[in-house]
Structure formats: structure tokens, C-alpha cells
Amino acid sequence: MKKIEIYRIIFVLTFLMTSIMIHAQNTYYWIGGQGNWSDVNHWSLSSGHSGGVYAPQVPTVLDNVVFDDNSGFTSANKRVTFNTTAAYANDFKVLTTSGTAPEFYAVSTNIPYIKGNFSITATTVWNATTVSFGTNNNAESNTIQTNGVALRRVILADGGTKNLADPLTTTDYIQMAAGVFKTLGHKLVAGSFTGTATATTVDFGTSEVDLAILNASNTTVTSANSINIRNNPGSSPAISVADNCTFNKVTVQLGGSVITSNSTFNELNLLGNSGIGGNNSIGVLNLAPAKQFTFSNGTTTTIGTLNAITPDCMGLMEIRSGTGATIRINSGTVNVPNVIITGINATGGAVFNAIGVDNGNNTGWNFISPASKNIYWVGTASDGNWNNAANWSATSGGVGGYCVPTQFDNVFFDAGSNVSVPINISGQGYCKNITVQGVSGTPNFNTGTLNIFGSSVWQNGMRYNFTTYYSGETLGLTITSNGVKFLQSVYFTKRAGGWTFQDAFSTDRTLFFQAGSLNTNNQAVVVAQEFNQSGGVNADLAFRQLFLGSSNITVGRWVYTQGSLNAGTSHITTTFTGSDASYPTFHATNHTYYNITHTGAVTYVILGNTIFNDVVILGSNTNTGNSTYRKLHLTGGKNYSFQNNSTTRINEEWLYSTPDCTGLPILAATTAGGARATISMPNTASSGGAPGVVAITNVKVRDINVTGGATFTATGEDLGNNNGWASISAGSPPKTLYWIGGNGEWTDVNHWTTNSDGTPSTDACIPTISDNVVFNQYSGTTAFTVTNTSALNSECNNMTWTNVPAGTIFTGNDVFIGGSLVTATGMLWRPKNTNFTATTTGQTITLNGVSLDAPAVNTIYGNVNFSGTGGWTFIDDFKSMGRVLLSKGNLNTNGKKMSVSTFNYPSSGNPIPTTATLNISNSIIEAGRWSFNNTNITATNSHIYITSDRFHSANGVTYNNVTVGTTTNVVVFYGNVSFNEVVINSNTQIDGNNTFKKLILTPKQLTLSLASGTTQTIQDELFINGTPCVSSTVKSVSGVANINVLAGRTEFDFVNVAGINASGLPLTFDRNSVDNGGNSNITFKTGTGGLVGLGADLTCNEIDATISSTYTLDAKGFYGGISTIYEWKKIAGTGSSATTVIGTGSVLDISTTGYGTYRVTVNYGGTPNCTVSDDIIVSSKTAVPTAQGTQKICNNAQATVAKLVATGSNLKWYDVANGGTALLPTTLLVNGATYFVSQTVNGCESNRIAVQVDLISCGVPVNSNVRMRVSQ
């Protein structure tokens, strides 16, 4: 007798259903009330478990599932939890009638995949975040029936056709991922209806459809009824579908783009600000009044009837495109009142009349300008709504309800204006001239965008928070601020416009000077963010005119590269800090400026043949392009770089000096080791001293060429590739400097001494890269912080921390260490980046448990850079929450553990190139990402743990052990590499051709994807089995990949396989695996699914010490992995015990424990944890029969086998000791021959015993009654 137990539940495998593919299709019934989907205890082959047959495993894609009145649900015990990332079923049916219906629950990452029909009852509770419907058979058609139960998220996946059997409501999105979806006349209400990159088809037919948005750009849609789009999609389209769709009536309630092409709409209603993309045919196009409608550039929209009526005094509709679009109407007259039209070509034969604004680039329209009106704000509605006609009057203080202003109308706020509530503009507001004067109270222009086509005058003390576009097209326009600040950005947009500031101008945002003429008129100007030129028409930029007079201008950033400039005697001060090439502080080309001051701590300047009078730069600066200065004043202690190959001319004076002992800033070309940057000064120029002499003090100089006639000298450090200098002399000799005074700035010389006992000295300096620094017991009596917020980086040769208080912190800007590092136990290391720059070998790093961490910025830590040409050895374990980047030199981990965020992976982009040599022998490495892109690596006995998503190696490298940790990312291996052992605990993709001694995929429902055309060679052992609870997947990314197994196991189970060629030993997958196609040289066993286990009972077994199969039990049919735990017990027979474990391996020797019933419990580990068990009966052979060893038989015609005598059941006689065929009872005996007899009990035949036959002569018996004649 044999039994199989999964999660300690006994079941008997008695499947009677027809085999489908390689796995039988079963119907599984849920039993036992509330529980987890993966718990096989809850699955039976009969309703209510009436047949006593448990399911062999959790349902697969081939199995139907049923929840009915016998499932054991109660009101308090009804939740079915999808507790794994994927739960599968073919047909999914809830059939409860009188009993309690189930509640289905899952978090967003756990998804049920329904491959067949789906039907739930009206009392079912659906709390699963996402459900996926779809079949792998494109010819198959399935139904979805919810009986009024709302689903949340729905994915229509795989192939086939999904049909609604009744109305469907989802509270979140529907994703059309593959196949065909038909609503079949049933109403559909959903959130967003989205698609993927896969082409799909949706047939809404006569169904009424109500969606938040329809965003499925690769989906072909047909609708014969109405589609209502109810949400404002923001930056997403309201409707985006494939080309050539057919719609009856579509209504977009709140605006958004409609994107398709060559599609047909019988009726399209756009009730909010909308866009139309593509070439389409629209029978009736209804546009809501006073909204904005944008047609995509280069498109043609064919319209039968255009209804675009904005009543007078309601504002202006906008119909526009970017660079040009066409509207085609074949006949009739089209009247569009109160409109602004931009970039629209009207064609087709109809007459097009527009009462409103020709905003440029239009053809085919007859434009009629409306008369200008004076309109007064009275605020009658008390709602502050600019676009509410009730707030406007034809007279000051008059009756409201007049007109909403257009760009032709003059607007007045005066003593008759009610400003008790904030004034807001929804959409756009317009006016010609606007005057705010004499208002009682404080006007609050709160939110919105105002387009001013004339001049403006503000009232002192008012609040102005509108985004403002000055769009007039005449000269002589004025802006009078009266002390009022523009709190939002200000735009000047028209080429023909000309504006003059009448008094001081200020904005908290950006001034966009896109077109026209702007005169600051000697007034003070403050622009908190940027003076910029972006966002307008590029052609207008060159025609701009900017007059600065004697204005003092304070601006965050300045960008002005086209158009004319008259800088007068102006002074521009920039305040922005932290800019770079994509966001410069100052960007100017071919202009002449007067005085400039850059106040930011770090600035970036882009110049093109730009001329300056005096320029002062207070912070560190990068200067690109060619420029000319009368005077250039740089600040001591700050770093300055000039673009490689650029020329900077300074005609009179260049000041740049750093006081002694305050560190060495850098003067350099932007890119190290490249072409030099040139600084040219005539022999009349100076650095504030004698003419012709330019002396720069205490600076590092690199890649700088000086020329022009002046004599250039510098003190500090020559970093190389300099030219033209009379001298660059070294600074003071190296020192050993000790920190004193507790908390402080690295660049504060008062915190340094040359005395090791902590007493001050007179010769202390800020350390340079040549100086050793020490932090010791005299550095601070309690925990202290050493920081660096200056432009200078912290730098030294050797750095040693010893005997400092726990909690001491080292932080601030980058630190550069030219030698070795020792940190102290309990301290905190927090510089932005740590740079090891040694140029000699023999350097060491001793951390004493300290982690080299930068403060996290958006959860991204700084780098630890090894960028010198020297060599470093770890003395103890190395740890950093940041990235370790080894680009040069020689790093030896020395058998120590290294734990880092990434190794040679920057925060973004590809792994860094490296010329370094790396030895990680005998070390444990923990890294989110790993890369080493050359072959100079030794990895003997090392173990690398990948905790994020990348392993990147040069080709031809040999690694020891690599373990992929548990992560939600897909881990990708790059390179052609040899490994000792790779253990995979997350979904993984392997690119390249690799060799493994062992490749192990842990049983966690993982997918191993192999790049198409690659070959993975396994020399010793391949572990890819899943478990009875979850399957593993091994597949090619596309096409076919090769698995070349040279030795070890070749049989597997619980694996989904696709696109794999077994190029070495043939592979076999047992009956619980799935052939997903594209495989070769692989055998898939057929049969009913279920655990293989220990196999058949060993009946009629004779334990023979010379034959291992008679005393060995093998659990190979469980297909365990390296983490599988086996527990053997003898549960019946001599010496049995239900609790005593007699073995823990995958095989069990029973030569000493003998016959009986054995149970093995197999714990696969994995996720979810899966435990199964199986019993096997080992019974002995039948005892031999008893018989006399020699039997005397009369030698006559009856001397046959039938005459032999033995005691036993079902005796069989043979003429050989083993084998042969049983003799017939009529077989004649041979004298002296040996015969052998066995007995058979319950089908078990015993061994044989020998019987020797002695045939004897037997006399004839004499009858005494017969008289005989005797001769004489």
C-alpha cells in the first residue's frame, strides 16, 4: 500500500480525465472554507471532497476551478487569498446558490490568470487588485460574466477572444494586452482602458461604453453606439487608438487629446480643452464655447458639419496648431465667432468666416476684427471669476453681466470695482490695455493666465499672481508696476511689439523675452529665476532688441544668445548656484556687456565671442567659449575651469590669489589631459602690480596655456600639461597636521596644528594632497563633526583617525586621499564622495567597522572612487552604502568582505570602463550591481552576492561563486564568463555564452531567461526544478537558446520550458512540466499530473547486501533542489516510530532497519514554502516451502513431477535454481537429478529449495490366494 501526502493531507491519484497535451485537464473544487490559493489542502477532485480524492497540486493553466455551496464558506470564514505572484486556472466558476459566496483577495503583485471562462455569482466579493483573462490559443473564445460584481483592474492578455456575457464594471483600469475583446451589446464602465505595444482588436458593437480615458494606441476599435470619456487625462490622451477605427458617437467631457488616423467618427463632441491628432473624417464636430482646440501639425481633418459657436461676451475660443494643420469642409458657409485661430489652413470648397483674431500662419479664412470696448470690473457675482460676464460692466460701478474681455477690449479696475474676493482666471484671460488704479481695498489677482495685448498699470500694494503674456503688436507699449511684483512668470511674445519699463520691474519667476523690443529704461530689474528666451517662435529670436541703459539687473540665470543688445552701462548680477552645461548661469553669444557679477557658489558660463567690461566671479566657475574682458576678478580659494581649446583674453587686470595656508584651489581646463585652455594677456596687463607681470598664488594649475606678452607665474602645484608659464613653483613642504578644537570646517586653519599633543602651532595650514592628517584624542573631548562646505575639497596624503569619541562625524564636500586611510570605531563617514588617488602601491584601507557613506540624496549615496594609478589593500572588511568605482590602479580585497551598493556601476548609465587590476580572492562581495570590464581580475574562492539587478563582466573571465539574492528586479548577466557555481533567487536573464560547474535556480516560481542564440554549458550539475506548489520557467528571450549539459542530472519536473535546445545530453521533463513550444532534444513525459514521489511499493523484496537496489529507497521522484530537506521515518513494521528520524538524505539505506512502511517528508523551501510526503511499503519475499532433500520415487511410468512432495502454497517446480520455466506436473523425473521448488503467497514467489530425486525399482506384490506351480 502507498500514500502521498501534500501538506500532511492524504490523497490517492485516481484521475479518469482525458490527457490534454502532456498534462491532464482536471476540475478542482475548493474545500475547507477560508485559505490560501497555494495550499493544496483546499483543493479536491470532487465537490465537498465527497470522493475523498485530493488534488495532486494547486491548479495549473489547464485545470478548471469551482467554488460552490460545498466549499465550506461562512460569513466569517470566506476569504480565498491569491498568495503567490501568479495563480492559474482554466475555467473559473463560482456556483454558490444557497451557501455563502467567497471573497477573493490579493495584493497588487499577486495576479490570478484565468485562461478559460470566468463566472462569479452576484454575492461574490472581489477584492483582488488585478485579474488577467486570456488564452494561449488564438482560436479560442472565452466569456467573462460578473453578475454585477465590480472588478478592480483587468488585464486582457495572451491571445484568443474575450467576450462579455453581461455588463462589466471595473473600478480601475482595463489593459488590452493581446487578442480580441467583444462587449456583445453589454454596457462597459471602467476606469482607463489602456493598451500595450501589441496590436489588439476591440469591438464595442452596440454597447454603451463609459470610460475615464481610452488610451490604447495599438488597438483597433469599432463602436456602433456611444463612448463617453469622463475624466480629464492631464498629460495623457483622452483617446488614443490605432488607425482606421470606426466610431458612432464619442463625447469627451473634460478635454484631452483624441489621437488616431484614417478613422471615422459620425459625431465627435469635445466639451473641454482638447487636441485632435491624425487624419480623420468627422461627420459632425461639436466644439464647446470658449475652449482651446489643437490640431496636430501636418494633419488633415475632414468635417461634414462644424459647430464652433462661442456667444458674444463669453470669451474667445482657440483653434490652433503648432506649425500648421488643415481643416477640410467641402461645402457651405462656416461661421466661427469670437475665436483666435493659429496655424489652420481651411480648404475644401466651403466659405470660412472667423470673427476674432488671426494669430498667424492661417490660410483660407476671412477674418473680421470686432470693435474694441471699455470693460469695467464690478465683481457682482462675488466669485472672483474673470471669465464670468456677471463680474463685468460697461461702466464704472455699473450693472454686471456685460462681456468677458477679449484681446480687443480695455480693462479697468477702479473705485467701482468689488475686489473682496481673489480674482481667478480659469483657462485664459484676455485684454488690450489694463489699468488698476483707485481701487478701494487690495486687489488680489490670484491664479490664472492673463494675455495683455497693450500696456499695463498696477496699483501699489495689490497682489499680482497671474502668469502674464505681453502679446501686443505695436511699439510704445508700457509697463508701470508701481512697486507691484509679478509673482509668476512674464512673457514677451510678439515680434512687432515694443515694451518699456516705466519704473522698477520685479518677478519671482522667469522673464521670457521671446520676441519684440524690450527697454529696461534705466530702471532696476529683479528676476528671481531666469531671464530666458525659450518657448517662443525661433524665427523671432534674431529680431529681438534689448536695451539695458544704466539698469542694475539682478537675475538668477541669464540667457540671451540672439537678437541685438545695447548694454549701456548696466550691471547684471546673477545669483544662481549649482548650474551645469545644460543649465548655465550665464549664456551669451556675440554681444558686448558692461559689468557682470556672479554671486553663486558654483556657476557655469557659456560664452561665444562675448565682450565684457568688468566681471567679478565670487564662487567657483566653469567658463566655456571664447571671451574678452577688460578686468576679470576671480576669488581666492575657489576653483575655476576654462573650456579646452578656448581663448580667454584679459586686456588690463586679472586677479586670482589664495592666501597662504588656506588650501590650493584648481585652475584648469575643463577636461583633464585634453587640449589646453588659453589665457591671453598683453604685456601692459597685470595682476594688480607691475605692468606685464601676472602672479597667481597658491593654486593647482592643469592644462592651461598662457600667452599674449605678459609674464605668468604661479605658486602651488603643477598638475601637468601647462604651457607658457615662467614658473609654477611648489608650495610649502609636506606636513603632518593634527585636527584640534572639536566641531569645525576643514578649511578653517585654526583647527589644524603641527603638534601631536593638540596644542596650537604657528605653522599650521589647511592640508594639501601632500600632507598627512591625524584625528586623535586631542581633536575633541566629545563627539565632534568635521565638515567642508567650501569650494575646496578636503584632501590629504594619509588620513588617520584614532581614539576619537564614538559618534564623531566626517562630512561635507569630496575628500581626496593620496595615501592610506584608517578610520576609528564608532565614527560616521559622510563626505559627498570619497576619492583614493594614490600614485604609488602599498596603500592600505582600515575601516574598523566604519561604512564609507555619503549622505543619501534621493536615496542615492555618493561614490567611493579609486582613480589613482597606485595600489590599495583592505586590512579589514570594507563597507559603503554608495557606489565603488575602480577605474585605475590595483585593488586587493585581501580576503576581506566587501559590502557596497554597486561596484563599477555609476548612478546611471553603463558600467564604467576600467584599466585597473582587481583581486577578490577568498572574499565575500555583496553588491547591488557588479561590473568589472577587463580581464585583470582574480576571483579564486570568492563569493559575489548580487542584491539588485546586474552582473557585468569582461569576456573570458573566470569567477568562483555568484549568488543572485531575492529582489523584485530582473537580474541580467552580461559577458561570456566561466563560473564555479551560480545560485539564482530572483527572475534572471543571462546574456552571452557561459560555462557553469553548477547552475541552480531556487524553487521560488522564478523565470530564467536565456538570450537567443546563446549557449549555457553545465559541467557538473543543473538544478532548475520547481515544486508541487509552484513551477519554475526556463525559456529563451526570443528564438532558441542552448543548454549544454555535460554531466549530472538530466531529468527535471515542475518546469515550464520554451525555446530551449538541449545541445549536450538530452533532457527529460516529467509529467508536471509544460512544453511551451520551440524546444528540441527534450523529452516531456506524458501522463496525469501529480507527484511522482517514491514510486511503487517494494513488495516481494529480498534485502541482499550485494544488490543496493534491494535496500535503497530513493526520493529522486520528488525532484528536489539544493535547499531541499529530507526527513525519513519508519512508520510501520519492526522498530517503527512515528517520531524518530532515521535519515536526512535523498536516499535511505534500509539494510539494517528491514522491512516495513517508510515515509519521507520533503521540504523544498522556496517561496511559498512547499512540503510534501510519500509512503512506501517494503515487504519481504515469501518464505521457501519445506521438503525432504532427497526423495525416492518408484521408477515407473508415473515417476513425474507430480510425485514430488513439498509443503507450501501454489508450489512451482523447476529444474534450475534460478530462472527457467516452471515444470509441468506431467514432466518425467530423471534419476539423480536435482529439482527446485518455490511457493507463491499473495502473488509473491519465494526463493527455491533443492530436492534430489532417487528413482528406485519397486517389486510386484504377491497374492497369497493364487496357487503357483513350482517345477521340480
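The values are calculated or read from the model by the stated rules, or taken from the named source; none is laboratory data. What you see is a predicted model; the values in this text were computed from it and never measured. Positions of Cβ are generated from backbone atoms using ideal geometry, with glycine treated the same way; all protein chains shown enter the neighbour counts.
Things to note:
Yes/no per residue for (1) at pLDDT below 95; (2) surrounded by fewer than 19 Cβ atoms within 10 Å (Cβ to Cβ); (3) under 21 Å from Glu473 (Cβ atoms); (4) of a type in the set (Phe, Trp, Tyr):
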| position | (1), (2), (3), (4) |
| --- | --- |
| Arg509 | no, yes, no, no |
| Ala515 | no, no, yes, no |
| Asn521 | no, no, yes, no |
| Val525 | no, no, no, no |
| Ala542 | yes, yes, yes, no |
| Gln545 | no, yes, yes, no |
| Val559 | no, no, no, no |
| Ser564 | no, yes, yes, no |
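- Among (1) in contact with a strand residue (DSSP E or B) (Cβ under 9 Å, 6 or more places away or on another chain); (2) of a type in the set (S, T, N, Q); (3) surrounded by fewer than 21 Cβ atoms within 10 Å (Cβ to Cβ), the one test that Ser942 misses: (3)
- Here Ser779, Ser761 are screened, and the one residue that is touching a residue at least 40 places away in the same chain (Cβ under 8 Å) and either surrounded by 19 or more Cβ atoms within 10 Å (Cβ to Cβ) or in contact with a strand residue (DSSP E or B) (Cβ under 6 Å, 6 or more places away or on another chain) (or both) is Ser779.
- Within segment 622-645, residues that are over 20 Å from Thr577 (Cβ atoms) sit with their Cβ atoms under 6 Å from residues that are crowded, with 22+ Cβ neighbours inside 10 Å and of a type in the set (S, T, N, Q), at 6+ positions apart or across chains, in these pairs: Ser627/Thr610.
- Residue tally, condition in contact with a Lys or Arg (Cβ under 8 Å, 6 or more places away or on another chain) and closer than 18 Å to Ser38 by Cβ, over segment 128-148: 4
- Selection of segment 1007-1025 for residues being out of contact with any Leu (no Cβ under 7 Å at 6 or more places or on another chain) and buried (at least 23 other Cβ atoms within 10 Å of the Cβ) yields Leu1010, Asn1025.
- Any hit, segment 902-909, residues being in contact (Cβ under 8 Å) with a residue 12 or more places away in the chain, more than 29 Å from Gln843 (Cβ to Cβ), assigned to a strand (DSSP E or B) and out of contact with any His (no Cβ under 9 Å at 6 or more places or on another chain): no
- Condition check for Asn228: in a strand (DSSP E or B) and either surrounded by fewer than 21 Cβ atoms within 10 Å (Cβ to Cβ) or of a type in the set (A, V, I, L, M) (or both): yes
- One residue stands out in segment 80-126 among those that are more than 17 Å from Ile31 (Cβ to Cβ) and of a type in the set (D, E, K, R): the one that is surrounded by the most Cβ atoms within 10 Å (Cβ to Cβ), namely Lys115.
- Hey, Asp1097 closer than 25 Å to Lys1035 by Cβ, acidic (Asp, Glu) and touching a residue at least 24 places away in the same chain (Cβ under 8 Å) or not: no
- Given (1) under 24 Å from the mean Cα position of the chain (by Cα); (2) surrounded by 18 or more Cβ atoms within 10 Å (Cβ to Cβ); (3) not in a strand (DSSP E or B), index of the condition Phe973 fails: (3)
- The set of residues in segment 435-470 that are surrounded by fewer than 23 Cβ atoms within 10 Å (Cβ to Cβ), more than 50 Å from the chain's Cα centre (by Cα) and in a strand (DSSP E or B) comprises Thr435, Val457.
- Residue match in segment 284-294 (condition: in contact with a helix residue (DSSP H, G or I) (Cβ under 8 Å, 6 or more places away or on another chain), touching a residue at least 24 places away in the same chain (Cβ under 8 Å) and not aliphatic (A, V, I, L, M)): no
- Scanning segment 119-133 for any residue that is within 16 Å of Val202 (Cα to Cα) and either hydrophobic (A, V, I, L, M, F, W, C) or in contact (Cβ under 8 Å) with a residue 40 or more places away in the chain (or both) turns up at least one such residue.
- Which listed residue, of Gly716, Gly673, is under 27 Å from Asn813 (Cα atoms), small (Gly, Ala, Ser), in contact with a Lys or Arg (Cβ under 6 Å, 6 or more places away or on another chain) and modelled with pLDDT under 95: Gly716
- Candidate set from segment 417-426 (those that are touching a Phe, Trp or Tyr at 6+ places or on another chain (Cβ under 9 Å) and in a loop (DSSP other than H, G, I, E, B)); member that is surrounded by the most Cβ atoms within 10 Å (Cβ to Cβ): Ser417
- Only residues that are assigned to a strand (DSSP E or B) and touching a Ser or Thr at 6+ places or on another chain (Cβ under 6 Å) were counted across segment 1243-1253, and they come to 4.
- Qualifying positions in segment 231-268 - within 23 Å of Pro289 (Cβ to Cβ), of a type in the set (Ser, Thr, Tyr) and buried (at least 17 other Cβ atoms within 10 Å of the Cβ): Ser257
Residues checked against (1) touching a His at 6+ places or on another chain (Cβ under 8 Å); (2) assigned to a strand (DSSP E or B); (3) of a type in the set (Gly, Ala, Ser):
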{"site": "Ser71", "(1), (2), (3)": "no, no, yes"}
{"site": "Asn83", "(1), (2), (3)": "no, no, no"}
{"site": "Ala87", "(1), (2), (3)": "no, yes, yes"}
{"site": "Lys93", "(1), (2), (3)": "no, yes, no"}
{"site": "Thr97", "(1), (2), (3)": "no, no, no"}
{"site": "Thr100", "(1), (2), (3)": "no, no, no"}
{"site": "Tyr105", "(1), (2), (3)": "no, yes, no"}
{"site": "Gly116", "(1), (2), (3)": "no, no, yes"}
{"site": "Asn127", "(1), (2), (3)": "no, yes, no"}
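- Single condition Thr747 does not satisfy, out of (1) in contact with a Leu (Cβ under 7 Å, 6 or more places away or on another chain); (2) assigned to a strand (DSSP E or B): (2)
- For segment 1026-1055, filtered to residues that are over 23 Å from Val972 (Cβ atoms) and either touching a residue at least 60 places away in the same chain (Cβ under 8 Å) or assigned by TED's automatic domain parsing to the domain that holds Thr1171 (or both), the residue that is surrounded by the most Cβ atoms within 10 Å (Cβ to Cβ) is Thr1027.
- Considering segment 265-292, the residues that are assigned to a strand (DSSP E or B) and under 34 Å from the mean Cα position of the chain (by Cα) include one that is farthest from Ser217 (Cα to Cα), namely Ser274.
- Applying the condition of being over 32 Å from the mean Cα position of the chain (by Cα) and assigned to a strand (DSSP E or B) to segment 248-264 and asking which residue is farthest from Asn231 (Cα to Cα) yields Thr264.
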